[in-house]
Structures are given as C-alpha cells and as structure tokens.
Amino acid sequence: MNNDICFLITILYLDRLIDCALKVKRDNLDDDVILYPMEPENREKLLSLLPMHVKNCGPIVDVREIFDVHSA
C-alpha cells in the first residue's frame, strides 16, 4: 500500500475559490488530521504544508481526499 495521502484543498482567495492538490506521507500527519481535516487545528496543520504562494492566499474552506496527485 502507498504511504501517501492526497488532498484537494480549496482556499478562499478574495472573492473566488482556488484549489491546490497536496500529497503528504501519512507518517507526517496525525491520524486526527487524516480523519477530520476540516477541524480548525487540522486545517492549520494542512495550511502549513502548502507552498508559500498558496498558504498566503487565504483560509481553507474545504478539504477532500483524492486518489492521487500526478506529476507530468
């Protein structure tokens, strides 16, 4: 089994929504973050893992687990 978990994170940026895919090693996240990613403290943890140009856009408004993130 793959040790990665992938999320599609939606961020409120001014008056629009932007999405960012995040792939993280499961070992780097607490089980609580994986099970309850929308809890305020867990959103902060996920936000800290995003690239600087994304994390400065605004707050996380949705987190969905996705199958994979593909690099082309």
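The values are calculated or read from the model by the stated rules, or taken from the named source; none is laboratory data. What you are looking at is a predicted structure, and each value in this text was computed from that prediction instead of being measured. A quick note on method: Cβ atoms are made from the backbone with ideal geometry, for glycine too, and the neighbour counts reach across all protein chains shown.
Counting only helices (runs of 4 or more DSSP H) that fall entirely inside the chain and contain at least 1 residues that are surrounded by 12 or more Cβ atoms within 10 Å (Cβ to Cβ) and modelled with pLDDT of 95 or more, the qualifying elements are 31-35, 40-49. Of the residues making up the stretch 20-37, those that are within 11 Å of residue 7 (Cβ to Cβ) and of a type in the set (A, V, I, L, M, F, W, C) are 20, 21, 22, 24, 29, 33, 34. Residues that are more than 15 Å from residue 18 (Cβ to Cβ) and within 10 Å of the chain's Cα centre (by Cα) within the stretch 44-67 comprise 44, 45, 48, 49, 65, listed in sequence order.
For the stretch 5-27, what are the residues that are in contact with a strand residue (DSSP E or B) (Cβ under 9 Å, 6 or more places away or on another chain) and without any contact (Cβ under 8 Å) to a residue 40 or more places away in the chain?
Answer for the stretch 5-27, where residues must be in contact with a strand residue (DSSP E or B) (Cβ under 9 Å, 6 or more places away or on another chain) and without any contact (Cβ under 8 Å) to a residue 40 or more places away in the chain: 18, 19, 20, 24, 25, 26.
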